[in-house]
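K.L.:
Sharing a structure here in structure tokens format.
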Amino acid sequence: MATEVTTGGEPAAARGAGGPRRGLVLGGGGMLGAAWTVGALCAVEEATGWRPGSADVLLGTSAGAILGALLAAGVRPAELRDHQRGLPITTGPLAGVEFDYDTAAGGAMPLRPGPGIGSPGLLRDAVRHPRDYPFLTMVSAVVPPGRGSVAPVGELVRALPGGDGWPDGSPLRVVAVDYRSGRRVVFGDAGAPPAPMADAVMASCAIPGWFAPVEVDGSGPYVDGGCWSATNADLMVGRGLDEIYVLAPMALRLHPEGRAEPGRGAVAALREWRARDRPRGMLAQLVSRYRRTVTRQMMREARLLRASGTRVQLLAPTLADLAVMGPNMMDPARRPEVLDSALRTTLAALGAAR
């Protein structure tokens, strides 16, 4: 049975009444990306007075899909922050819901993957038509099958009102990748395979090589939506939105003074960041290169949105945030510091932008 959806304490029908239609994009980034995003969400609400959970469309990828489901269920950013800190939640959808953030992903390192390659069919198609797929999608086809489980994520979402279904009017949209075809699927959109919200979120979080792919209501398998894009913000084009906030924990903030937007070309700003960012160690260097790739893709997606007449606010970590994060985005020991750092730097960015 469908249930009435309230978002940020407001009925779904009342969202955006008398004001601009806003969208919220929550990108992927693992355990620490989720912590950064929670801090940034608190900063957005504090600095602007806008409640992120009241977004008319809420698009989540991977870790962003988990947070999107929580916001869509009516959880406030401050409650997300307290839940991350292990504080008791006595009211709202998270009241009495327990979730061990430190162990939910199985630890800071994945289990040894299985033998073989993840998706022979996708690999074959990608080799035949390489221009049809992003590089990360092609890489995801090659990696061995993951053995980790995203079941704890599903249990968290099922504990929310309507989490075992998909409530009518929900603003939530969840991005995953069909592991056979390599194409994006936006669960919650018309035409997407029917899916319980919990299963869609699990599919969006299934990092190839780390977690096992997820079957959704007899279709799939599906893997992490970040295999296509860490943000997937281009999927917001054509949704009639006036303004969109994009929170991208795997990207780079492009202006060293903390402004949310670069004051010059993105290419020049990325070159400056590359000169300032001096990672040590192979993992840190790989993550740094990946962040630059994510940032370029996010900027391309933002240009598409702006070309359609939508205002876009991009928010991403600073070098100060990255120093706190370290190279392993699944390291649970750094969560509290990352959350606090995100709150400080995002408040500074929003203040400078205003």
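The values are calculated or read from the model by the stated rules, or taken from the named source; none is laboratory data. Quantities reported herein were computed from a predicted structural model and do not represent experimental measurements. When we count neighbours, we look across all protein chains shown, and the Cβ atoms used for this are built from the backbone with ideal geometry, even at glycine. Remember, those area values only see protein heavy atoms, side chains included, never the ligands or the DNA or RNA. Shrake-Rupley method; radii C 1.70, N 1.55, O 1.52, S 1.80 Å.
K.L.:
Out of 299, 325, report the one residue that is on the phi < 0 side of the Ramachandran plot, without any contact (Cβ under 8 Å) to a residue 60 or more places away in the chain and under 19 Å from the mean Cα position of the chain (by Cα).
P.N.:
The conditions single out 299.
Residues checked against (1) open to solvent by 50 Å² or more (accessible area, probe 1.4 Å); (2) in a loop (DSSP other than H, G, I, E, B):
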position: 80; (1), (2): no, no
position: 86; (1), (2): yes, yes
position: 89; (1), (2): no, yes
position: 97; (1), (2): no, yes
position: 118; (1), (2): no, yes
position: 121; (1), (2): no, no
position: 124; (1), (2): yes, no
position: 137; (1), (2): no, no
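Residue-by-condition table, conditions (1) farther than 19 Å from residue 318 by Cα; (2) of a type outside the set (S, T, N, Q); (3) out of contact with any Cys (no Cβ under 9 Å at 6 or more places or on another chain):
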| position | (1), (2), (3) |
| --- | --- |
| 34 | no, yes, yes |
| 39 | no, yes, yes |
| 48 | yes, no, yes |
| 54 | yes, no, yes |
| 58 | yes, yes, yes |
| 66 | yes, yes, no |
| 70 | yes, yes, yes |
| 73 | yes, yes, yes |
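K.L.:
Still on this structure: Please go through region 304-325 and give me each residue that is surrounded by 15 or more Cβ atoms within 10 Å (Cβ to Cβ) and among the charged types (D, E, K, R), ordered by number.
P.N.:
Within region 304-325, just 321 meets the criteria.
K.L.:
Name the residues in region 176-224 that are free of Cβ contacts under 8 Å to residues at least 60 places away in the same chain, of a type outside the set (A, V, I, L, M) and part of a helix (DSSP H, G or I), would you?
P.N.:
Across region 176-224, the qualifying residue is only 199.
K.L.:
Looking at residue 281 and the list (1) surrounded by 15 or more Cβ atoms within 10 Å (Cβ to Cβ); (2) on the phi > 0 side of the Ramachandran plot; (3) at pLDDT below 90, which single condition is not satisfied?
P.N.:
Condition not satisfied by residue 281: (1).
K.L.:
Write out, first by first residue and then by second, each pair whose Cβ atoms fall under 8 Å of each other, whose residues are 6+ apart or on separate chains, and whose first residue, in region 37-53, is of a type in the set (A, V, I, L, M) while the second is modelled with pLDDT under 95 and not in a helix (DSSP H, G or I).
P.N.:
Short answer, once both residue conditions are applied: 47/354.
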